[in-house]
Amino acid sequence: MRLVAYEPPRMLCVAALESVRWNLAPLYTGPEDERLEADLAQTVEDANAFSGRYHGRVGTLGAADLAGAIEELEAIRELLQKAETFAYLHFCTDTADPTRGALLQKVEERSAAVATELLFFQLEWAAVPDDRTNELLADDALSDWRHFLESARRFRPHLLSEPEEKVLAEKQPTGLSAWVRLFTQVTQTIEVPFEGKDMTLDVALSVLYDPDRDRRQRAGAAITEALQDGLPVRTYILNTILADKWVDDRLRSYPSWIASRNLGNEVEDSTVQALVDAVTSRYDLPARWYRLKAELLGIDELNEHDRYAPLLPDEREVGWDEGVATVLDAYRSFSPELASIAERFFDGYIDAPPVSGKQGGAFSHPAVPSAHPYILLNYTSRRTDVMTLAHELGHGVHQVLAGKLGLFNSSTPLTLAECASIFGEAVTFSRVLADESDPRGRLALLAGRLEGMFASIFRQIAMNRFEDLVHNARREEGELSAERFGEEWLRTQRAMFGDSVQMSDDYMMWWSYIPHFIHTPGYVYAYAFGNLLSLSLYARYEAEGPSFVPYYLELLSAGGSQPPNDLARRVGIDLTDPAFWSSGLEVIDEQVSEAETLAHATSTA
């Protein structure tokens, strides 16, 4: 999932999208579906039976019996995740409905109970001596589960005793999950009074793409005012999330706030630091572009509300049907198989219109391997929305291909999860650019592409720097004020733009609507990781042509069945090589230079 901004949709656009709503019936026909309660009850029954058979015995199991136990565990988890998926997706389209929230809470509480009953398995497996695990993992009976079992042991030094783990698992629905839900509800009910009507936050943010500078500035001021209301609540939520993670890290003996995220992503702390250092050392690239953009727009000094201003004042809308056709045509030009998988999403697995109460932004939810993934959008006929569709369909086809491996082997670490989505954007952009012959149009498209990469690479690393500062400050100083959060937000954002964009003090509270800091602390660097990896993959495709496609499909189909380094080596990429990051950034440098050349050509034409 990524954060995007949208333009206010015209009524015609909304009307045309009314039918583009997902159908959750393949999961359950509705909250009253008897199968939902039956499945929840079944998971509890199965978990209790599983515990009765294996509790205290995991270390004594032979390879074949261990494989059988994992298959049972996967089946229990899949049935429960099916119910979790339905409750979450049902909630997302109307977060203000208390009955939907109540269902989500009920399912989360049942999930916590099942997780508590089953957590012994990982604890006992982690306690098996290394020589015994090496013997077991060498057995062919466990070939399908080798990486799953190896991955589970990564957390061995950070696991607590079984009673302690049970307490933490049982309190999850009233702890972290509750704060995440509260944040979602308070942010999705923010209304921005603008031009005589109340807009959702997502729609108001889209006005920052308007060609009229005065309108952008007024919209930015209105958003700032709307964010002021409820800021103490959002500040308290972030403080609580920071404190909760601090306690968790201390109990589990993690050396830093980001260490658990890196471990979950199967990357070394040093690899992530190399990524951060490489990106921050090239902050000159976004600054170079935005200085050029100010010249192209004829603005002496860009501010925070000018960053997404279009270069063409008459940028046309891209209706839903055209946007779909554009993306599918691009996917088809790369791989008919990929396009065929993407087409299935338009048969009831996408929810597209921006409506009040709906969760903002966009995501692709994998559901479970026995069901089809779902995509949430807020489509408003911007070219950026077309790229968002391409992005989420990339996630979707990845989830479909990897889902064939089953639940435990399909999920990829976050560092690779963004790879297919960003590759899908690259394929789509290349197709759109090839169809544009006018130099001004090409420059506008390239500008959008560059700004998308700046948002997904440089801005995400700037947000990682914000997280780093506030997590450490919360641990050293105690609860932080909204002003302190704002100061660190401005400091890290200003570092990225340098003197190319003037960030006013009004921008101090704009950290407070970003969900990643709440939902998944430490997540954001995965966008930069995935972007630079995708740039390398796309460069391989451009060099090798159609012969690269099977290797790419093989990479997606491997899901999370192997460590990221092994998967990357399948397509000739060494993630441990520090030069890898620099090579991706050089591609961006070349595109900034191309934009400068196009800008000169259009100004002298």
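The values are calculated or read from the model by the stated rules, or taken from the named source; none is laboratory data. A quick note: this is a predicted structure, and the numbers were derived from the prediction, not measured. No Cβ is skipped: glycine too gets one built from the backbone with ideal geometry, and neighbour counts run over all protein chains shown.
Within the range 111-126, track down each residue that is among the small types (Gly, Ala, Ser) and under 16 Å from PRO157 (Cα atoms). Selection gives ALA126 alone.
When ARG100, ARG156, ARG110 are screened for being at negative phi, assigned to a helix (DSSP H, G or I), charged (D, E, K, R) and touching a His at 6+ places or on another chain (Cβ under 7 Å), only ARG100 passes.
Just for the range 166-196: of the residues that are among the charged types (D, E, K, R) and under 23 Å from HIS516 (Cα atoms), which one is surrounded by the most Cβ atoms within 10 Å (Cβ to Cβ)? Restricting to residues being among the charged types (D, E, K, R) and under 23 Å from HIS516 (Cα atoms), the top hit is ARG181. Considering (1) surrounded by fewer than 24 Cβ atoms within 10 Å (Cβ to Cβ); (2) farther than 18 Å from CYS92 by Cα; (3) aromatic (Phe, Trp, Tyr), the lone condition that PHE363 does not fulfil carries the number (2). Counting residues in the range 509-520 that are closer than 16 Å to LEU242 by Cα, surrounded by fewer than 19 Cβ atoms within 10 Å (Cβ to Cβ) and either modelled with pLDDT of 95 or more or of a type in the set (Lys, Arg) (or both) gives zero. Being touching a His at 6+ places or on another chain (Cβ under 7 Å) and surrounded by fewer than 24 Cβ atoms within 10 Å (Cβ to Cβ): is that true of TYR349 here? Yes. Has the range 296-316 got at least one residue that is more than 22 Å from GLU392 (Cα to Cα) and part of a helix (DSSP H, G or I)? Looking through the range 296-316, at least one residue is more than 22 Å from GLU392 (Cα to Cα) and part of a helix (DSSP H, G or I). Of the residues that sit in the range 247-286 and are touching a Pro at 6+ places or on another chain (Cβ under 8 Å) and of a type outside the set (Asp, Glu), which one is farthest from LEU302 (Cα to Cα)? Going through the qualifying residues, I end up with SER253. A Cβ distance below 6 Å, combined with a sequence gap of six or more or placement on separate chains, defines the contacts here; from the range 585-605, residues that are without any contact (Cβ under 8 Å) to a residue 24 or more places away in the chain reach no residue that is surrounded by fewer than 15 Cβ atoms within 10 Å (Cβ to Cβ) and not acidic (Asp, Glu). Under the condition of being over 22 Å from LYS358 (Cα atoms) and exposed (fewer than 14 other Cβ atoms within 10 Å of the Cβ), the residues counted in the range 197-220 number 2.
Restricting attention to the range 319-340, and to residues there that are assigned to a helix (DSSP H, G or I) and hydroxyl-bearing (Ser, Thr, Tyr), which single residue is surrounded by the most Cβ atoms within 10 Å (Cβ to Cβ)?
Here the residue is TYR331.
Just to check your reading of the model, which residue among GLN562, GLN591 is part of a loop (DSSP other than H, G, I, E, B), under 24 Å from GLU418 (Cβ atoms) and at pLDDT 85 or above? Just one listed residue meets the conditions, GLN562.
Condition check for SER19 on (1) at pLDDT 95 or above; (2) loosely packed, with under 11 Cβ neighbours inside 10 Å: one failure, at (1). As for the range 115-122, it holds no residue that is more than 30 Å from ASP566 (Cβ to Cβ), of a type outside the set (Val, Ile, Thr) and free of Cβ contacts under 8 Å to residues at least 24 places away in the same chain.
Just to be sure, is VAL233 β-branched (Val, Ile, Thr), in a helix (DSSP H, G or I), in contact (Cβ under 8 Å) with a residue 40 or more places away in the chain and surrounded by fewer than 15 Cβ atoms within 10 Å (Cβ to Cβ)?
The answer is yes for VAL233.
In the set VAL397, VAL427, VAL432, only one residue is within 30 Å of TRP145 (Cα to Cα) and in contact with a Leu (Cβ under 9 Å, 6 or more places away or on another chain); that residue is VAL397.
Looking across ASP202, ASP214, ASP249, one residue alone is in a helix (DSSP H, G or I), at pLDDT below 95 and acidic (Asp, Glu). It is ASP202. Hey, can you tell me all the residues within the range 570-585 that are of a type in the set (D, E, K, R) and surrounded by 13 or more Cβ atoms within 10 Å (Cβ to Cβ)? Answer for the range 570-585, where residues must be of a type in the set (D, E, K, R) and surrounded by 13 or more Cβ atoms within 10 Å (Cβ to Cβ): just ARG570. Residues that are more than 17 Å from GLU191 (Cβ to Cβ), of a type in the set (Gly, Ala, Ser) and either part of a helix (DSSP H, G or I) or modelled with pLDDT under 95 (or both) within the range 341-360 comprise just one, ALA342. Residue selection: ARG484 satisfies the criterion of being surrounded by fewer than 20 Cβ atoms within 10 Å (Cβ to Cβ), at pLDDT 95 or above and part of a helix (DSSP H, G or I). Of the residues making up the range 93-123, those that are farther than 24 Å from GLU170 by Cβ and either hydroxyl-bearing (Ser, Thr, Tyr) or modelled with pLDDT of 95 or more (or both) are THR93, THR95, THR99. Of the candidates ARG146, ARG132, the single residue that is farther than 17 Å from TYR54 by Cα, basic (Lys, Arg), surrounded by 16 or more Cβ atoms within 10 Å (Cβ to Cβ) and out of contact with any Asp or Glu (no Cβ under 9 Å at 6 or more places or on another chain) is ARG146.
Screening GLU479 with (1) of a type in the set (Asp, Glu); (2) in a loop (DSSP other than H, G, I, E, B); (3) under 26 Å from the mean Cα position of the chain (by Cα) gives one miss only, at (3).
Which ones in the range 298-318 are crowded, with 16+ Cβ neighbours inside 10 Å and hydrophobic (A, V, I, L, M, F, W, C)?
LEU302, ALA309, LEU311, VAL318 - these are the residues of the range 298-318 that are crowded, with 16+ Cβ neighbours inside 10 Å and hydrophobic (A, V, I, L, M, F, W, C).
For every residue, the table says whether it meets (1) under 28 Å from ALA558 (Cα atoms); (2) out of contact with any strand residue (DSSP E or B) (no Cβ under 9 Å at 6 or more places or on another chain).
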{"residue": "ASP144", "(1), (2)": "yes, yes"}
{"residue": "SER151", "(1), (2)": "yes, yes"}
{"residue": "LEU160", "(1), (2)": "no, yes"}
{"residue": "GLU164", "(1), (2)": "no, yes"}
{"residue": "ALA169", "(1), (2)": "no, yes"}
{"residue": "GLN172", "(1), (2)": "no, yes"}
{"residue": "PRO193", "(1), (2)": "no, no"}
